[in-house]
1. Could you give the dipole magnitude of the chain about its Cα centre, charging the beta-carbon of Lys and Arg +1 and that of Asp and Glu -1, in debye to the nearest 20?
2. So, in nm, how far is label residue 122 from label residue 101 when the simple model puts each one 7 Å beyond its Cα toward the Cβ?
3. What whole-number volume per residue, in cubic angstrom, does the convex hull of the C-alpha atoms of segment 80-139 give?
4. As a check on your grasp of the helix formula, calculate [θ] at 222 nm for the chain: sum -39500 (n - 2.57) over DSSP H runs of n ≥ 4, divide by the residue count, round to the nearest 500.
5. Please list 3J(HN,Hα) in residue order for segment 116-124, calculated via the Karplus relation 6.51 cos²θ - 1.76 cosθ + 1.60 where θ = phi - 60°; whole Hz, with x for glycine and proline.
6. Could you give each residue of segment 70-84 its phi-based ³J(HN,Hα) in whole Hz, using Karplus coefficients 6.51, -1.76, 1.60 with θ = phi - 60°, and x for Gly or Pro?
7. Taking only Cα atoms, what is the 0 to 90° angle, nearest 10, from helix 24-41's long axis to the longest principal axis of the chain?
8. Quick one: 3J(HN,Hα) in Hz for segment 93-101, Karplus 6.51/-1.76/1.60 with θ = phi - 60°, rounded, Gly and Pro as x.
Amino acid sequence: MKTYEYHHIVNFEETNLVGNVYYANYVRWQGRCREMFLKDNAPDIITELAQGLALVTVSVSCDYLSELFAFDQVIIKMTLAEVKQNRITMLFEYWRTTDQEEELVAKGKQEAACMKRQGEKTVPIPIPESLKKALEKYQ
Ligand code: SSV
């Protein structure tokens, strides 16, 4: 199973008073990871997002196993869990890395649906061809 990786170094902006990373940032990194996936694998989708395509987040979750702190190096590993009709389910693993070791610090999951903005309404559409092609490489 092929994995898409987003590498991140925690900054002070992301930590709270106690020094650990605020929980909501883990979800932001899922967003960063999926948009970098699009940029690298299906850049035309980004253009389409400004022209009526909507990739709607249907669900998101995160399980926290260990705290992260400023300057920790994190690799977010995203895999494709399921493609069903117009819905894409992604899984995430958050690994704290040093030169010596990798430690799993969190796990996440989210589901996005392909939709199109049509005036006031948002209607389901099939997964756009270029995104489908990109996803096939990760199946
Ligand atoms: C602005 C906005 O709504 C962006 C949404 C991006 C959604 C990206 C979905 C990408 C799915 C990738 C799955 C890859 C699995 C290896």
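Just so it is clear, none of the values below were taken in a lab; they were calculated from the coordinates. Please read these numbers as outputs of a predicted model, since none were measured by experiment. For neighbour counting, all protein chains shown are included, and Cβ atoms are generated from backbone atoms with ideal geometry for every residue, glycine included.
1. 740 debye
2. In this crude spin-label approximation the distance works out to 4.2 nm.
3. About 124 Å³ per residue, rounded to a whole number.
4. Details: 3 runs with 33 residues, N = 139.
After summing the helix terms and dividing by the residues of the chain, the value is -7000 deg cm²/dmol.
5. 9, 7, 10, x, 7, 9, 10, 10, x
6. 3, 6, 4, 9, 10, 10, 9, 9, 9, 10, 8, 8, 7, 10, 9
7. For helix 24-41, the angle is close to 50 degrees.
8. 10, 9, 10, 7, 10, 10, 4, 8, 8
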